[in-house]
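The values are calculated or read from the model by the stated rules, or taken from the named source; none is laboratory data. Note that this is a predicted model, so its numbers are computed, not measured. Cβ coordinates were reconstructed from backbone atoms using ideal geometry, including for glycine residues, and neighbour counts include every protein chain displayed. Ligands, DNA and RNA are excluded from the accessible area calculation, which covers all protein heavy atoms including side chains. Shrake-Rupley method; radii C 1.70, N 1.55, O 1.52, S 1.80 Å.
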Amino acid sequence: MIDIHSHILPQLDDGAKSMEEALEMARIATSDGIHRMVCTPHMFNGISSNPEPSEVLDRVGALQEAIGKEGLRVMPGNEVHFSHQIIEKVRTGGLTTVNRQNYMLVEFPTLTVPVGAKELFEELLSDGVRPILVHPERNAQIQTRRSLVAEFVEQGVYVQLTAMSVTGEFGSAAKNCAESLLRHNCVHFLATDAHRAERRPPILSRGRDAAAAILGAERAGKLVYTNPLAVITGDTIEAEPPLKYGSPLPGKTSFFGKLLGR
């Protein structure tokens, strides 16, 4: 499996507190079947010092050296909090895209969908950057209006769920939202968003298995390997169009359909 979202780089944000903990996280990830992991320290949310790409690369190199050549392979990236500074930073090379390719993780605030989100995504797409909206199932506004995610997907935005959301470890609201997004073809990746070795560890298999119970093993496998592989290599992702909210899902019968015997 490939994990495109983690906070394994030590002493940079609210992730690993030391190199020792980062190495323990690497061991946990490898034991879980993760063989490549993107290191995505926060940008623009006040948790980190907004590291320059050169610093991210240096720290990834130091972590890879400590892990060794035969262990987990780590790659650079950023988790970029929604900000109108993003476009300027992209154009001046101040942000770290996933493995320095053309995909970038974008994070919304916890409670709301920011004003101007569609416009920002449109600018990124116009500049050749493919935005990946991370953990929308944990956003309070989206939990009550899930169709917003389908609108972003139709625009060309990709979506990543947190594995722990699918298993219910972020609560019932996040779990229900995650399941709904999966059923509506609004999810392209599962990732750990790992922060610590003990709390929020880099375990992806449980989320994959929970997604497989909804989508089947083949489609769930694409969320943790096929699609993430395209991201780290900068290739195109083949994705089904989102299903419109309010329409019966395939294999489901609507309430009125049941009344009519359909």
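Which pairs do you get when a residue that is in contact (Cβ under 8 Å) with a residue 12 or more places away in the chain and closer than 21 Å to residue 3 by Cβ, found in region 37-59, comes within reach of a residue that is open to solvent by 30 Å² or more (accessible area, probe 1.4 Å) and not in a strand (DSSP E or B), reach meaning Cβ atoms under 7 angstrom, with the pair 6+ apart or on two chains? Once the first residue is in contact (Cβ under 8 Å) with a residue 12 or more places away in the chain and closer than 21 Å to residue 3 by Cβ and sits in region 37-59, its partners that are open to solvent by 30 Å² or more (accessible area, probe 1.4 Å) and not in a strand (DSSP E or B) give 38/99; 43/50; 47/14; 53/93.
This table checks each residue for (1) more than 20 Å from residue 226 (Cα to Cα); (2) open to solvent by 50 Å² or more (accessible area, probe 1.4 Å); (3) touching a Gly at 6+ places or on another chain (Cβ under 7 Å).
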residue: 103; (1), (2), (3): no, no, no
residue: 112; (1), (2), (3): yes, yes, no
residue: 158; (1), (2), (3): no, no, no
residue: 183; (1), (2), (3): no, yes, no
residue: 187; (1), (2), (3): no, no, no
residue: 193; (1), (2), (3): no, no, no
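Each residue in region 151-190 was checked for being without any contact (Cβ under 8 Å) to a residue 40 or more places away in the chain, under 20 Å from residue 106 (Cβ atoms) and among the small types (Gly, Ala, Ser), and 2 of them qualify. For region 113-141, the set of residues classified as part of a loop (DSSP other than H, G, I, E, B) and among the aromatic types (Phe, Trp, Tyr) is empty. Taking into account only those residues within region 160-181 that are of a type in the set (A, V, I, L, M, F, W, C) and open to solvent by 10 Å² or more (accessible area, probe 1.4 Å), which is farthest from residue 115 (Cα to Cα)? Here the answer is 164.
Of all residues in region 211-227, those that are without any contact (Cβ under 8 Å) to a residue 12 or more places away in the chain have Cβ atoms under 9 Å from Cβ atoms of residues that are basic (Lys, Arg) and in a helix (DSSP H, G or I), 6 or more apart or on another chain, in 212/219; 217/208.
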